[in-house]
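Read through the structure below, which is laid out as structure tokens, and then see the notes.
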Amino acid sequence: MTEHEFEVLFVEDDPAVRLGSTQALQLAGLRVTGFGSAEQVLPRVVPGFAGVLVTDVRLPGMDGLALLSRALQIDPTLPVILVTGHGDITMAVQAMRLGAYDFLEKPFSPDQLTEVVQRALEKRALSLEVDQLRRKLAGYESIEARLIGRSSAMQRLRRLVLDVASSDADVLILGETGTGKELVARCLHDCGRRREGNFAAINCGGMPEALFESEMFGHEAGAFTGAARRRIGKIEHARGGTLFLDEIETMPMNLQVKMLRALQERQFERLGSNELRPMDSRVVAATKADLLQAAQAQKFRDDLYYRLSVVVLHLPPLRERREDIPLLFTHFAMQAALRHGREQPAVAPRHLQALMAHAWPGNVRELRNIADRFVLGLWDGEEGFRSLAQEPRSLDEQMAQFERYLIREALEACNGSAAAAAERLGVPRKTLYDKMRRLGPLDAAPSDETMPRRALRSA
């Protein structure tokens, strides 16, 4: 965070002192806003405010000590500098006990004021940076438990989600059916600054066109036959949060126009009302279709596409990240066992081989269903795929994929030691080295990208 982004909130009821102090700080290159009372400045004091608060102690209405207490209740790390013209040492001690950053006695020089404020800003910048890093680390921990996978594609997706979660930019999620588009949308919401607001989801193809507009924008009583009471729509429900538009490609053309206008103006009207209401929600849309191709066929507005696609996230199909299948299957099987109150069956090599060989037209959703059937004793790894297979793979491809998985898992379990991994797999070291050279990259986790090389050096 750069210095110009920070702001000094200066509270002083004497106009002359307020003007002189704010000008001194402005001459030092700082951004300053002056206030005549504590009541005026309080709405600006919010958690994570990028700046510091400087306040006189003697103020009309709420005094500086009360303002200090209220400000630290809102954000305990906010630096607050108190100013007094009474030379009251007892008050200074009390202020410091309450959590004031520093204390200035009138009259003070412009240099004194500037020095104290700049030190406070440096402290604030550091604390905000630490908080941001802490939240990011917490985000990484939580998102890895939700967007599961060690493949490079999933690692890249997690990074992108965390990078854009804190912004308000609209997002378009592209992916086949069953790849987890709504899950990604919820991760964007939960890891972002709008997580305290509602996550409002609407399936654009899941309701009759006649009801869609009311569901999206809301309506007033009497707006149409059957509208007995006022109803808020999804846009209004998502105020301060996230509006998720699933299957955006199915949105009726006439409503695409209204949606585009709402996104551009950040305003909307309920049905039956002429009152403009603010749209304060982040929009995340999802589609399995090629929207540009749909636009060329005049089935989707290209201007709406460009408005939605500020950030585009591509979700890989499961067949393109097969190395994640064993981990995902184990995770889903564990969830299914807990849900159904059953003991989790052991996953045998034949199960994994069948999973790795399947085409997965239903992607992660299909894998989750298979895990449920496995736990319930309805799938044994030998039947259940034949009718669904769309992309048969050769036996050599299947075996190579399976061997990559087993070798990678063994190396990770042995902290990169090829000797220990060979013993774990029950093969000579030379055989393991030959297989690693023949199979190529093992798609290990980020910390283990050089694992084969380290393993060779350990011999």
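Okay, here's what the table says:
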{"item": "Single residue of segment 63-78 satisfying the filter (over 18 Å from S37 (Cα atoms) and surrounded by 15 or more Cβ atoms within 10 Å (Cβ to Cβ)) that is modelled with the highest pLDDT", "result": "L78"}
{"item": "Members of segment 21-55 that are of a type in the set (A, V, I, L, M, F, W, C), within 18 Å of P110 (Cβ to Cβ) and out of contact with any strand residue (DSSP E or B) (no Cβ under 7 Å at 6 or more places or on another chain)", "result": "A24, L27, A28"}
{"item": "Of all residues in segment 272-285 being crowded, with 16+ Cβ neighbours inside 10 Å and in a strand (DSSP E or B), the one that is modelled with the lowest pLDDT", "result": "R277"}
{"item": "Enumeration of residues in segment 220-245 that are surrounded by fewer than 21 Cβ atoms within 10 Å (Cβ to Cβ) and under 28 Å from D168 (Cα atoms)", "result": "R231, I232, K234, H237, R239, G240, G241"}
{"item": "Residue list for segment 286-305, restricted to those being within 18 Å of N203 (Cβ to Cβ), touching a Leu at 6+ places or on another chain (Cβ under 6 Å) and in a helix (DSSP H, G or I)", "result": "L304"}
{"item": "Which listed residue is modelled with pLDDT under 90 and closer than 17 Å to D324 by Cβ, from E213, E209, E144, E196", "result": "E144"}
{"item": "Boolean, F268 is over 24 Å from the mean Cα position of the chain (by Cα) and not small (G, A, S)", "result": "yes"}
{"item": "Counted residues, segment 177-214 - those being at positive phi and crowded, with 21+ Cβ neighbours inside 10 Å", "result": "1"}
{"item": "Odd one out for E176 among (1) assigned by TED's automatic domain parsing to the domain that holds T84; (2) modelled with pLDDT of 95 or more; (3) not basic (K, R)", "result": "(1)"}
{"item": "Flag for K123 being modelled with pLDDT of 90 or more, in a helix (DSSP H, G or I) and over 21 Å from V17 (Cβ atoms)", "result": "yes"}
{"item": "Pair list, Cβ < 7 Å and 6+ apart or interchain, from segment 10-36 residues that are touching a residue at least 12 places away in the same chain (Cβ under 8 Å) and of a type in the set (S, T, N, Q) to residues that are part of a loop (DSSP other than H, G, I, E, B) and buried (at least 16 other Cβ atoms within 10 Å of the Cβ)", "result": "S21/E12"}
{"item": "Test: residue in segment 286-295 that is among the hydroxyl-bearing types (S, T, Y), surrounded by 17 or more Cβ atoms within 10 Å (Cβ to Cβ) and modelled with pLDDT of 95 or more", "result": "yes"}
{"item": "Number of positions in segment 18-59 that are over 17 Å from L72 (Cα atoms), out of contact with any Pro (no Cβ under 9 Å at 6 or more places or on another chain) and assigned to a helix (DSSP H, G or I)", "result": "4"}
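The values are calculated or read from the model by the stated rules, or taken from the named source; none is laboratory data. The model shown is predicted, which means the values in this text are computed figures rather than measured ones. Note that we place each Cβ from the backbone using ideal geometry, even for glycine, and neighbour counts take in every protein chain shown.
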